[in-house]
Structure formats: C-alpha cells, structure tokens
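Shown next, in structure tokens, is the structure this report addresses.
The values are calculated or read from the model by the stated rules, or taken from the named source; none is laboratory data. Note that the structure is a prediction, hence the values are computed from the model and not measured. Every residue, glycine as well, gets a Cβ built from its backbone with ideal geometry; the counts of neighbours run over all protein chains shown. The protein model used for the area step is the full one, side chains on, heavy atoms only, and it has no ligands, DNA or RNA in it. Shrake-Rupley method; radii C 1.70, N 1.55, O 1.52, S 1.80 Å.
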Amino acid sequence: MQVRGGSSVLAVAIVLMATPMAAAAQETVVAPAPVGTYTRAAVRAEAPTAGVRAHHAKGDPLEGFNRKMYAINQVFDRVFFRPVAMVYKAVVPNFARKGIRHFFSNVGEPLVFANDLLQLKPKRAVKTLGRFVVNSTVGVGGLLDVAKTKDFRLPHRDNSLGDTLGHYGIGPGPYLFLPFLGPSTFRDLPAGAAEAQALPVVVGSPFDRAEFRIPQAVLTGLDLRVESDAPLKALTASAIDPYATLRSSYLQDRAGRVAATHGARGGGAMSDPLADPLADPLADPMGGSGSATPAIAAPGTDPLADPLADPAVAGAAETPTPEPAPTAGDPLADPAAGSAGSDTGASPKRTASPQ
C-alpha cells in the first residue's frame, strides 16, 4: 500500500517511535482468553514463559506492536472508514467511480514506466508508455481505459519502487502494520513514500498542490476500501487469526510481485510445456498405433469404431449398422466369431422355421 501526501512523515515518525514500544510489548504477558476459545493470546498466557522472550512469526519481529495497531485500525474501519466508503459507493455511480479510478491509475503510469526501465525491461516499458499515451488521448485523460481493449491490447501492469528494490535483491525487512496505511514492510513503506513525492518534485504543479493531493488521497482510499470489501470479508470470515491471515496474504502477494519481475523467462518456459504435451500425444497414437484413441471412443459410439475396422477390412463398415437390430445375444457373439460367424448363427434359425 502506497503512502500518499504528507502522511509519509507521520508514518516514519510512528515507525521510529514504534520500535522500542514493540520490544517492550513482546515482554508483557497477555491476559488469558475467555473460556472456550483457542487463540494465540491464550496459549501465550497459559504457557510458562516467565523470563522467556515471547515468540513471533517469521518476518514479523514487531508482532506485538503490529497486532495493537491492527486492532486500532479495525475499530476505526468499523466505526468510520467502511461506513463512509459504503456511502461513497451508494452515492457515486459505478461508471463514475471507474472513471475516477482510471484517471488516477493513468496518472501513476509514468511511475510504472520508470520502474520498468529500472528493471531493464524495455519492451514492457514501451507498452506502458503506449498505454499512457492512448488513455491520455483517446481515453479522455485516462477517464476511459481504452488501452486494455482488443484494439490496443495494453492492460495495466502494476510495478513500483518496492518491486524494483526486491528485483535487485533487497529483502522486505520486518512486516509492519500502521493504522490508516495498512500492511507494509520496512522496504515498501519508504519506497511508497518516495514514489508519492516523485511527481510533485519532478513535475511540480498540479501534483504538488493540495487541491490535487487531498482529493487523490481521499478518492483513491475510498475506492480501494470499496473494491476490497468483499475480498477482505472472504479472507478473514473463516480465519481463526485474521491478523495472521492478512499478514500471510500480503507477504505472499508482495513476494509474488517481486518474483514476477524475474518471470519473463519463466513465463515462456511454462507456456511451451503446456502446449507441447497437448499436441504430441494427439499425434503419437495416430502415427504409432490407432489403438490408443479407439479404446476410449469405441465403447461410446459405433461411428468412432468404424474407422478402426476400415484399415483392417475394407467391407467392415457395413457390419456395425445391422448389429443393434438383432437380440442382445447376437452382437455379443458376432464380434467374437467375426463376420462369417454372424451369417451361420442367423441362417439356421431363419431356415428352420419354414421347414
């Protein structure tokens, strides 16, 4: 999650103050949970941890502090943020919300372009630049996402400074959760703050003006909350520990995005094996022996069994059609005895009756 506007200074200050608080928080003993519940807090309270530092999840050394910040954020979200976002969803039509979303996404395309270049991906950078030009002109300043249509085939691809740092081997660092900002890491938080200042510093007006930055932060925040409402419910509805579930989902998503920056060769290798095995097995049985395909198709329908008999016997195509007419016992004997056996078995019965 990116840090926008002047909130980056506040975020850094909170991080600096949070470090000693988090270290002290891990030394405290958590009160026992109510009877009948099974939580991480209950296990820590009941375990004999006197004089032993509390454990934390891998990659989350500030877990005690992060959990407190998560609890504060949940209260704020339930009391204020989500209700306001739902009002925004009810008042603003869907097409208008999409237009606002596309506009601010198009504003961020130059940053995606810059990170494409930093990751030495010229082809992807050209596509990003083409997407920005198309949406800025034909898309009415980015209000319409024309570039993703079949006429241009230039969909949006996320890329950020945090992805670039991870691309060159800089690890995410400790996990961090801050109210109003959500989940992040020690790598992604300052990277997002730097990106938030890129356009105001490099371009200047109107990106450095409060008239632009405040609506950008409010509208993008509300739209993000609206769009993430259903996924958040699905993610945490059945979770025993919603905090841990959200943390795992975020870290996996970030790791996947960083891995995708190296995925140009991996994507090609994945596409070839998927196409080759599908084509080869279809050609091999036909070229080697026709028994593989007929074995599956023969019990289903007779027309699929006919081409199997045609290469062996020229006139065998006529035998399968009269077989369904006789009784159930005749077709069972006919394939075993061959075409000749069917004549001998049927003729005695028909000639005996007139005699």
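Part of a helix (DSSP H, G or I), open to solvent by less than 80 Å² (accessible area, probe 1.4 Å) and of a type in the set (D, E, K, R) - does that describe any residue in region 140-157? No.
Yes/no per residue for (1) open to solvent by 80 Å² or more (accessible area, probe 1.4 Å); (2) at pLDDT 95 or above; (3) acidic (Asp, Glu):
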| residue | (1), (2), (3) |
| --- | --- |
| 191 | no, yes, no |
| 236 | no, no, no |
| 263 | no, no, no |
| 270 | yes, no, no |
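All told, residue 102 meets the bar of being modelled with pLDDT of 95 or more and open to solvent by 30 Å² or more (accessible area, probe 1.4 Å). Filtered by the rule that a residue be of a type outside the set (Val, Ile, Thr) and buried (at least 16 other Cβ atoms within 10 Å of the Cβ), region 213-231 gives 213, 216, 217, 219, 221, 222, 223, 225. Note on region 183-202: among residues that are of a type in the set (S, T, N, Q) and not in a loop (DSSP other than H, G, I, E, B), the one that is nearest to residue 69 (Cα to Cα) is 184. Could we say that residue 123 is without any contact (Cβ under 8 Å) to a residue 12 or more places away in the chain, among the charged types (D, E, K, R), assigned to a helix (DSSP H, G or I) and open to solvent by 20 Å² or more (accessible area, probe 1.4 Å) here? Here the answer is yes, as residue 123 does meet what is asked. The set of residues in region 70-85 being under 17 Å from residue 241 (Cα atoms) and either free of Cβ contacts under 8 Å to residues at least 24 places away in the same chain or over 27 Å from the mean Cα position of the chain (by Cα) (or both) consists of 71, 72, 74, 75. Of all residues in region 87-99, exactly one satisfies the criterion of being open to solvent by 50 Å² or more (accessible area, probe 1.4 Å), under 26 Å from the mean Cα position of the chain (by Cα) and among the hydrophobic types (A, V, I, L, M, F, W, C), namely 95.
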